[in-house]
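S.K.: Dumping the structure here so I can ask a few things about it.
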Amino acid sequence: MTIAVFLGSLLGAMALGIPIAFALLVCGMALMWHLDLFEAQILAQNVINGADSFPLLAVPFFMLAGEIMNVGGLSRRIVNLALAIVGHVKGGLGYVTIIAACLMAALSGSAVADAAALSALLLPMMVAAGHDKARSAGLIASAGIIAPIIPPSIGFVVFGVAANVSITKLFFAGIFPGIMLAAALWVTWWFLVRKETITAPPRKSAREVLVAAKAAGWALGLPLIVVAGLKMGVFTPTEAAVVAAVYALLITTCVYRELKPRQIYGVLVAAAKTSAVIMFLVAAAMVSAWLITVADLPSKVVSLLQPFMGNQTLLLIAIMLLVMMVGTALDMTPTILIMTPVLMPVIKAAGIDPVYFGVLFMINNAVGLITPPVGTVLNTVAGVGKIKMDEVTRGVMPFMLAQFAILILLVLFPSLVMVPARWFS
């Protein structure tokens, strides 16, 4: 009955068109009424406690770093470097997209920000070169979702707080799977464009490559500082977010000088608006998370999944299928906040490493960003690129299937996540 109240109130509120954060509060109130615990003060207290978290401070600062990166010219310089390196290869603009997405992922941690920047910079170039617009938009969308996997990842911060798992370990565990996702896109793009007759631009000279590398050098220094600082224990993930924001601000205002003083206010407002949405979601979800614990809902889920508890692989496949279905209807952050408190006791009871599960869970949620009908990144690419949603959906399908194949591979072979994670950390 408790599970029915939880799902019924949440889905019912969403069906009425209530925003997801308020739907979570409705769900929490329904559970409180069902458990005969309704008290407005408890509701307010849990909302406040939900946002009162030091690790969550990483979210607004990483958001700010991403906004500064896009406005201050860091994104454009990274794209120019990738163009100088592989732009001359057949289908080179696709490879440029993948390389730029990985480099930008190591700067912002936001799939939507990266996809928007790549769409604005590269989609017109790919169309002008003769590539199919839908396929190009699909590649950009699928490359954008590498951002929540490669550190610094805002998704890992939210999951680490919700699941009480080391965010630093999650960051290091996401590096190799993120590279695998990029490799899958690389192979898929090669397969799709191998028969195209598009004339590639001439190869850049060694001098031009060096000039592009020098121009992007300061931008490339940011991920090195963040990863090295975390590895050597110089700062925590939250402090790394502050370092990233301050570094990006200094480089764009004092070195590149593309971010003007009059633009800083707009950048701060844009980052604050996006951060406020996430933080309110987290605060609202903590009400439901507390009531899920009080109602002992995880033990009921464990009993439902009992047939799979003896086999970790089957259990993970069942959970990944469930998350995949949820991801078609919900955005990444609500999915993390709703499902983490329910699934983590199941994961611990089955003896699965929480860090390993966190990587799989995040990849599944990231792919959910390009699955219709909700697909936040799909909508972003369609809006920025001025292309119909159904065309982007058609173009993204082969790349999405390739990334799902990587997810299945990681489920079957956990060492692909854990061995590199131990090496990096």
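Just so you know, all these numbers are worked out from the coordinates, no wet-lab data involved. Treat the numbers as computed from the prediction; the structure is a model and nothing was measured. Positions of Cβ are generated from backbone atoms using ideal geometry, with glycine treated the same way; all protein chains shown enter the neighbour counts.
S.K.: Would you please name the chymotrypsin sites (Phe, Trp or Tyr not before Pro) within region 135-192 that are DSSP coil residues with at most 10 other C-beta atoms within 10 Å of their C-beta?
M.R.: Values: sites: Phe156, Phe159, Phe171, Phe172, Trp186, Trp189, Trp190, Phe191; in loops: none.
Those that pass, being in a loop and sparsely packed, number zero.
S.K.: Quick one: divide the alpha-carbon radius of gyration of region 202-349 by 2.2 N^0.38 Å and tell me what you get.
M.R.: Working: Rg = 22.5 Å, N = 148, 2.2 N^0.38 = 14.7 Å.
Working it through for region 202-349, the quotient is 1.53.
S.K.: Which of the lysines could a cross-linker span from Lys214 if the Cα-Cα distance has to be under 28 Å and same-chain partners fewer than 8 positions apart are dropped?
M.R.: Lys90, Lys204, Lys231, Lys260
S.K.: A follow-up question, please. Taking springs between alpha-carbon atoms closer than 10 angstrom, which of Thr340, Thr197, Thr376 fluctuates most in the Gaussian network model of the chain?
M.R.: Thr197
S.K.: Can you return the lysines within cross-link range of Lys386? Criterion is Cα-Cα under 25 Å, with same-chain partners fewer than 8 residues away left out.
M.R.: Excluding near neighbours in sequence, the set is Lys133, Lys273.
S.K.: For region 382-416, run through the trypsin sites (Lys or Arg not before Pro) and keep only the ones in DSSP coil with at most 13 other Cβ atoms within 10 Å of their Cβ.
M.R.: Taking region 382-416 and a limit of 13 other Cβ atoms within 10 Å, the loop trypsin sites (Lys or Arg not before Pro) found are Lys386, Lys388.
S.K.: For a Förster distance of 22 Å, can you work out the FRET efficiency between the beta-carbons of Val209 and Val246, rounded to the nearest 0.05? Let's see the in-between values first.
M.R.: Details: r = 30 Å, r/R0 = 1.35.
Plugging the Cβ-Cβ distance into 1/(1 + (r/R0)^6) gives 0.15.
S.K.: Could you sort the peptides 62-69, 251-258, 279-286 by per-residue average Cβ neighbour count (10 Å cutoff), highest mean leading?
M.R.: Most protected by this proxy first, the peptides run 62-69, 279-286, 251-258.
S.K.: Stokes-Einstein D for region 170-220 at 10 °C, 1.306 mPa s, Kirkwood Rh over Cα pairs, in µm²/s? Please report the intermediate quantities before stating the final value.
M.R.: On the way: Rh = 14.3 Å.
In µm²/s, the coefficient is 111.
S.K.: Quickly estimate the mean residue ellipticity at 222 nm for the chain, helices only: each DSSP H run with n ≥ 4 gives -39500 (n - 2.57), and the total goes over all residues, rounded to 500. Write out the running numbers ahead of the final one.
M.R.: On the way: 20 runs with 328 residues, N = 425.
For the chain, the value works out to -25500 deg cm²/dmol.
S.K.: With unit charges on the beta carbon (Lys/Arg positive, Asp/Glu negative), name the residue among Ala101, Gly12, Gly66 whose Cα is farthest towards the positive pole of the charge dipole of the chain.
M.R.: Result: Ala101.
S.K.: Just report the Cα centroid separation between region 332-402 and region 4-20, whole Å.
M.R.: 20
S.K.: For the chain, what are the per-bin percents of Cα-Cα distances with bins 20 Å wide, up to the bin holding the maximum?
M.R.: Taking all Cα pairs of the chain, the binned fractions are 27, 58, 15, 1 percent.
S.K.: Where the only charges are on Cβ atoms (+1 Lys, Arg; -1 Asp, Glu), what is the dipole of the chain about its Cα centre, to the nearest 20 debye? Walk me through the numbers before you get to the answer.
M.R.: Details: 23 positive and 15 negative charges, 313 e Å.
It comes to approximately 1500 debye.
S.K.: Between Ala44 and Met418, how many nm apart are label points set 7 Å from Cα along the C-beta direction?
M.R.: Inter-label distance under the simple model: 4.7 nm.
S.K.: If one puts a single equal scatterer on every Cα of region 330-425 and applies the Debye formula without solvent, what log₁₀ I(q)/I(0) results at q = 0.13, 0.23, 0.25 Å⁻¹?
M.R.: Log10 I(q)/I(0), no solvent term: -0.56, -1.16, -1.25.
S.K.: Where Lys and Arg each count +1 and Asp and Glu each count -1, what net charge lies around Ala100 among other residues with Cβ under 14 Å from its Cβ?
M.R.: Numbers: positive: Arg76, Arg77; negative: Asp114.
So the environment of Ala100 carries a net charge of +1.
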